[in-house]
1. Considering every residue within the stretch 46-56, establish whether at least one is assigned to a helix (DSSP H, G or I), in contact with a strand residue (DSSP E or B) (Cβ under 6 Å, 6 or more places away or on another chain) and closer than 14 Å to residue 101 by Cα.
2. So, in the stretch 63-85, exactly how many residues are free of Cβ contacts under 8 Å to residues at least 12 places away in the same chain and surrounded by 14 or more Cβ atoms within 10 Å (Cβ to Cβ)?
3. Keeping to the stretch 4-27, report how many residues are out of contact with any helix residue (DSSP H, G or I) (no Cβ under 8 Å at 6 or more places or on another chain) and outside any helix (DSSP H, G or I).
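Every number here is computed from the coordinates shown, using simple stated rules; none is lab data. In this text the structure is predicted, and so the values were computed from the model without any measurement. Note that we place each Cβ from the backbone using ideal geometry, even for glycine, and neighbour counts take in every protein chain shown.
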């Protein structure tokens, strides 16, 4: 540009006024027609950002004696400022504020995941630490109560006292007629909480 641009809209006006020059410059630095049109739309839409330009650029175009040319692998000296437009495919287009030239950085190469996968397959495989032998456990239903003989210490008789309740009921049944001697379990056999034992062997029960 003969006059340095002061805004992104000045750059857009230059692409319109000098359409042939900018179109050819875009092609020489490697932009497709679709990319260049996207760049112009973003300029008009106010999407350009004023930044410090990167030191390295893939390509920059210029004009010498009315001839458009491009320089590849550009390294900028000093602190250069200008506008940057990021295209949808990741390509960056730059316009230095001192000259209004077109420059670009191509999008980075995509990550090759297949290479990482092959490396991981080639990595050595270490054996796992040996695990202790498993202990087998089987579950079975409990045996019936009658299957084992009941053997309880004397101190545990109080816990099974309800087993004697039906017998106590038989002893308490009244009898017709006079008194009689009915054998009563000795108190030494366990608890006397229901009062059906005595210190001797017999007791008189009256109607």
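1. For the stretch 46-56, residues assigned to a helix (DSSP H, G or I), in contact with a strand residue (DSSP E or B) (Cβ under 6 Å, 6 or more places away or on another chain) and closer than 14 Å to residue 101 by Cα: absent.
2. 0
3. Number satisfying all stated conditions: 4.
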